[in-house]
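**Student:** Sharing a structure here in structure tokens format.
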Amino acid sequence: MSEHIDLDLEQIGRTVAQEVAGNLTIEQAEAAEGEDWTGKPAYYFAFLIDEKRERPPGLSLSGRISMRLRDELSARGDYRMPFVRVLGHNNWEKRGRGWAR
């Protein structure tokens with residue numbers, strides 16, 4: 001995938017995550033294209049949050065972001081499944097790129 005597409009996905013992800021979690025919560029965002037466990041095309045998003053600022057969720061923050069990303073992507077005619085990881089400072093550096101396959 002081109003770097004341009006990665007950056008577009010990251011911007012979409014960051015925008016959606018900020019709307020869900022609040023502008024001060026999302027510190028970094030990464031996005032990659034890959035496949036799910038069945039071989040279908042999918043997107044993988046990772047977000048670095050400040051755990052101290054996360055609002056108490058009715059659903060998990062990753063679930064809420066995932067649902068909104070799915071809505072946003074569908075509105076653009078893209079029906080790939082978004083997989084979301086929300087990480088804190090203590091595990092952000094351990095994420096590697098293996099989560100996006």
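The values are calculated or read from the model by the stated rules, or taken from the named source; none is laboratory data. Everything numeric in this text was worked out from a predicted model, so none of it was measured. Here Cβ is always computed from backbone atoms with ideal geometry, including for glycine, and neighbour counts include all displayed protein chains. All accessible areas refer to the heavy atoms of the entire protein, side chains included, with ligands and DNA or RNA removed. Shrake-Rupley method; radii C 1.70, N 1.55, O 1.52, S 1.80 Å.
**Student:** Among (1) in a loop (DSSP other than H, G, I, E, B); (2) modelled with pLDDT under 90; (3) open to solvent by 40 Å² or more (accessible area, probe 1.4 Å), there is one condition Trp99 misses while meeting the rest; what is its number?
**Tutor:** Condition (3) is where Trp99 drops out.
**Student:** Output yes when any residue across segment 5-18 is at pLDDT below 90, open to solvent by less than 50 Å² (accessible area, probe 1.4 Å) and touching a helix residue (DSSP H, G or I) at 6+ places or on another chain (Cβ under 9 Å), and no when none is.
**Tutor:** Taking every residue of segment 5-18 in turn, none turns out to be at pLDDT below 90, open to solvent by less than 50 Å² (accessible area, probe 1.4 Å) and touching a helix residue (DSSP H, G or I) at 6+ places or on another chain (Cβ under 9 Å).
**Student:** Is segment 56-63 home to any residue that is modelled with pLDDT of 90 or more, assigned to a strand (DSSP E or B) and surrounded by fewer than 18 Cβ atoms within 10 Å (Cβ to Cβ)?
**Tutor:** The answer is no, given that none of the residues of segment 56-63 is modelled with pLDDT of 90 or more, assigned to a strand (DSSP E or B) and surrounded by fewer than 18 Cβ atoms within 10 Å (Cβ to Cβ).
**Student:** Between a first residue in segment 69-85 that is touching a residue at least 12 places away in the same chain (Cβ under 8 Å) and a second residue that is of a type in the set (S, T, N, Q), which pairs have beta carbons less than 6 Å apart while being 6 or more apart in sequence or on different chains?
**Tutor:** Pro82/Ser66; Val84/Ser62; Val84/Ser66
**Student:** Also: Within segment 77-94, restricting attention to residues that are over 19 Å from Asp36 (Cβ atoms) and either among the charged types (D, E, K, R) or assigned to a strand (DSSP E or B) (or both), which residue is modelled with the highest pLDDT?
**Tutor:** Leu87
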